[in-house]
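The values are calculated or read from the model by the stated rules, or taken from the named source; none is laboratory data. A quick note: this is a predicted structure, and the numbers were derived from the prediction, not measured. When we count neighbours, we look across all protein chains shown, and the Cβ atoms used for this are built from the backbone with ideal geometry, even at glycine.
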């Protein structure tokens, strides 16, 4: 009877930290220690499916450009005496340019149209975004996957114009991707959080992998939703300001790409000796 009660407690919908506390308390009872340890292992050990292809978001995932992008938006809003709040900024993470412009103009009641806002946004982006640095761990991971001949593609809510701009500045980096799919691609009907971008990106690999064979890297809740809707596993590298509820559907959440372990998804592990020379 006691074992049955323990099982009921263990498999309630509780947080990982609370679950661990319950396990510790119950394990102090005589005869329950080994059972609790086994049940805790089952609960905490997550299994991932082997993948063969990788898909990367661009802004905020590969390039540390998301912050620069929102500084530009803030600059435009300040010009008209309006405040681009942190709350609104977080809501806009991962959205398309068009959706951002429509939402910001409407919510802040700017005295310009969404079209005018978008023109100013693109003008300033052309000047400032090319200087965006790589995210921590991006160079190491991309070089590793490329060296191991793991097919990669870019799948972004950015426009094709923005992708070309970045590619001009970093040709080696963008040359590692088998192909690049943007929100303005003719085959993409809807941007993220819809799955279109990721489904189109997967379909353009020579091997035509199934969605479950593709691993997505994303930083935004919108991007994670798109990847999950496409039937793919997704590694999330969220901004520190995102709440826990915005990360819960990701397959795996890590602080930076430096924390990613390829072997979890059946990919070749990193070499023990890091490569110092920058290649991208």
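Out of the residues in the stretch 99-120 meeting the condition of being in contact with a helix residue (DSSP H, G or I) (Cβ under 7 Å, 6 or more places away or on another chain) and touching a residue at least 40 places away in the same chain (Cβ under 8 Å), tell me which one is farthest from residue 196 (Cα to Cα).
120
Evaluate the following for residue 241: is it assigned to a loop (DSSP other than H, G, I, E, B), more than 18 Å from residue 50 (Cβ to Cβ) and modelled with pLDDT of 95 or more?
On the way: assigned to a loop (DSSP other than H, G, I, E, B): yes; more than 18 Å from residue 50 (Cβ to Cβ): yes; modelled with pLDDT of 95 or more: no.
No; evaluated as a whole, the condition is false for this residue.
Which one is farthest from residue 211 (Cα to Cα), of the residues in the stretch 139-166 that are part of a loop (DSSP other than H, G, I, E, B) and touching a residue at least 40 places away in the same chain (Cβ under 8 Å)?
159
So for the stretch 220-228 (the condition being surrounded by fewer than 21 Cβ atoms within 10 Å (Cβ to Cβ), at pLDDT 95 or above and over 19 Å from the mean Cα position of the chain (by Cα)), does at least one residue qualify?
No; the residues of the stretch 220-228 include none that is surrounded by fewer than 21 Cβ atoms within 10 Å (Cβ to Cβ), at pLDDT 95 or above and over 19 Å from the mean Cα position of the chain (by Cα).
Just one of 51, 62 is farther than 17 Å from residue 158 by Cβ and either touching a strand residue (DSSP E or B) at 6+ places or on another chain (Cβ under 9 Å) or modelled with pLDDT of 95 or more (or both); which is it?
51
Quick check, is residue 110 surrounded by 19 or more Cβ atoms within 10 Å (Cβ to Cβ) and outside the structural domain of residue 222 (by TED's automatic domain parsing)?
Yes.
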